[in-house]
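The values are calculated or read from the model by the stated rules, or taken from the named source; none is laboratory data. Because the structure is a prediction, the values reported are computed rather than measured. Here Cβ is always computed from backbone atoms with ideal geometry, including for glycine, and neighbour counts include all displayed protein chains. Ligands, DNA and RNA are stripped out before the accessible areas are found, and what is left, the full protein with its side chains, is counted by its heavy atoms. Shrake-Rupley method; radii C 1.70, N 1.55, O 1.52, S 1.80 Å.
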Amino acid sequence: MFDPVSVAKCDSYSIEDVRPALKEVLDNIGGLEFVKPGMKVGIKANLITALEPGKAGTTHPALLRELSILLTDLGAEVVIGDSPGELYNQAVLDRVYRVCGLTDMVKELSGERKVRLNDDFSISNAVFPEAESIKTFIYTGWLDKVDAIIDFCKLKTHAMMGFSCAVKNMFGTVPGTTKPEYHMRFPEERAFANMMVDLNEYFKPVLYVVDAVDGMEGNGPTMGDKRHVGALLASKRPYALDMACADIIGMGLSDCAILGAAYERGLGPKTVAEVDIVGRVSLSDVKIPDFHRATSHQSITFEGEGIGWKIAAWAVKTVFNARPQVKAAECISCKKCYETCPAKAITMVPYTKKVNGTEKEITIPSIDRSKCIKCFCCQEYCLVGAMKVQENPIGKFIKGLQKS
Ligand code: SF4
Ligand code: SF4
């Protein structure tokens, strides 16, 4: 049996709703029993980029505030941190903390309590022979200086991985600009998913909490739409928890390579029926049957022996799988996609854009399809939503057949 998953209803981010809901979801699993006075606890939030809390792309400050209060009431010191997909330094993090609503929140608490935002930007090296994918890697050194890690993630759709939740959140342990390198090291979806599992097995957070009060649907993980779910979830391990969260938004094992990787390694369940839900709230109480997915990211599997099959598989994958596509009219020429692309598949090319009735010369991204590894970093880091995931109708049809 897998670690129990606790669910509590939480209607809004007001203190009146957050306080009892967080207490309930943690009490159901004895979530803070590990805390000892004087202990330093690191909360690994999801601060993917500088997004205001109302955009539903980052862990909400009201929840981080309340968890910090509970921890410091037990005598712990709290450090909140993450590494967004940009340069990992004070200037970038100051902006991210401020926009994500954490600077003021921590300032208010730190008068009376030992709560702070991470300002240690050192890098550490890991050797992890037991890993499936990533046996050596670098990570954000602040995690070495805490006694326990809590993963406080956000429930969101994700173009490459289907959805982003507890397991995926630990990718933020990899320093920002190194993330694209790791996409190149593990371009295949399953190897990438195994890397996520490896990171969780290496850091072994003592507790996972999911902010599913407002989730993100559609074009996640940064430019999707806010969707009210009204729930908090928690567990001491991430795999059954992710399966429960997937179920809330109408997904399952076949929709997310991370769930598949965890199941194959004996760490996670195959179906939600194997998940032990504790507390007075059931998954069906908070389920959102029409939660909009990210445009399908998943590879069409097309396997067989011999050169003929291999050529056919290459042709099918290349032609029919979903791919990134810029919407030129929405592009503001910020070059973020160009700078982020791990495969160096993007060049900026001239384009004439009409702005307020006048023509303006800008550059927009052009993608070399032969180099593109379909990691969708360009879509993830385009903060105006100009980079879309375009699904081929025939590919969609084939994937539908493969699932049925
Ligand atoms: S073009 Fe986009 S999806 Fe393709 S490799 Fe570059 S970042 Fe990844
Ligand atoms: S597609 Fe998005 S990220 Fe790329 S240049 Fe245009 S606005 Fe910037």
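Out of everything in region 365-384 that is outside any strand (DSSP E or B) and within 8 Å of ligand 2 (Cβ to nearest atom), what residue ends up being nearest to residue 188 (Cα to Cα)? Among residues in region 365-384 that are outside any strand (DSSP E or B) and within 8 Å of ligand 2 (Cβ to nearest atom), the one nearest to residue 188 (Cα to Cα) is 378.
Applying the condition of being of a type in the set (Ser, Thr, Tyr), more than 16 Å from residue 179 (Cα to Cα) and within 14 Å of ligand 1 (Cβ to nearest atom) to region 345-386 and asking which residue is least open to solvent (accessible area, probe 1.4 Å) yields 366.
Within region 64-87, the set of residues being open to solvent by 30 Å² or more (accessible area, probe 1.4 Å) and either among the hydrophobic types (A, V, I, L, M, F, W, C) or under 23 Å from the mean Cα position of the chain (by Cα) (or both) comprises 65, 70, 74, 87. Scanning region 1-51 for residues that are of a type in the set (A, V, I, L, M) and either part of a loop (DSSP other than H, G, I, E, B) or loosely packed, with under 15 Cβ neighbours inside 10 Å (or both) returns 1, 15, 29, 32, 35, 39, 47, 48, 50, 51. Candidates in region 336-354 are the residues that are more than 25 Å from the chain's Cα centre (by Cα) and more than 14 Å from ligand 2 (Cβ to nearest atom); of these, the one that is modelled with the highest pLDDT is 352.
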